[in-house]
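Asker: Quick one: the structure is below, and I'll ask about it shortly.
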Amino acid sequence: MTESATPEDKPLFTPVEVQQFEADDVVAGSAIGKMLSLLFLYTVLAMSFVAWWTFTSVSENHGLPSGGAVHTGH
């Protein structure tokens, strides 16, 4: 089978549209970078708070269960 007619190779987008796509990509990339930076900062702050909270809780109780009852062997 041979093709009877070949369509002209016509670009899908005009140069103006390609420039607009590139500009939109720059804006989207910047927004994604800022979002990821903020999420990373939030994660570090949350992790730091939980580590501090855990350390102070263990330090105050000295690792003993609440109520002050310590099980000693028989």
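The values are calculated or read from the model by the stated rules, or taken from the named source; none is laboratory data. Just so you know, these numbers come straight off a predicted model, no measurement behind them. Every residue, glycine among them, receives a Cβ derived from its backbone with ideal geometry; neighbour counts consider all protein chains shown. When the accessible area is computed, the model is the full protein with side chains, heavy atoms only, and any ligands, DNA or RNA have been set aside. Shrake-Rupley method; radii C 1.70, N 1.55, O 1.52, S 1.80 Å.
Asker: When the chain is fully extended, how far beyond the present Cα-Cα distance does Tyr42 get from Ala28, taking 0.36 nm per residue of separation? List each step's numbers first, then the result.
Answerer: Working: separation 14, 0.36 × 14 = 5.04 nm, distance 2.11 nm.
So the chain would gain 2.9 nm between Tyr42 and Ala28.
Asker: Could I ask something else about it? Put Glu17, Glu60, Glu8, Glu22 in order of accessible area, largest first, 1.4 Å probe: what do you get?
Answerer: Putting Glu17, Glu60, Glu8, Glu22 in descending order of accessible area: Glu8, Glu60, Glu22, Glu17.
Asker: How many nm separate the modelled label positions at Val16 and Phe55, each set 7 Å beyond the Cα in the direction of the Cβ?
Answerer: 6.1
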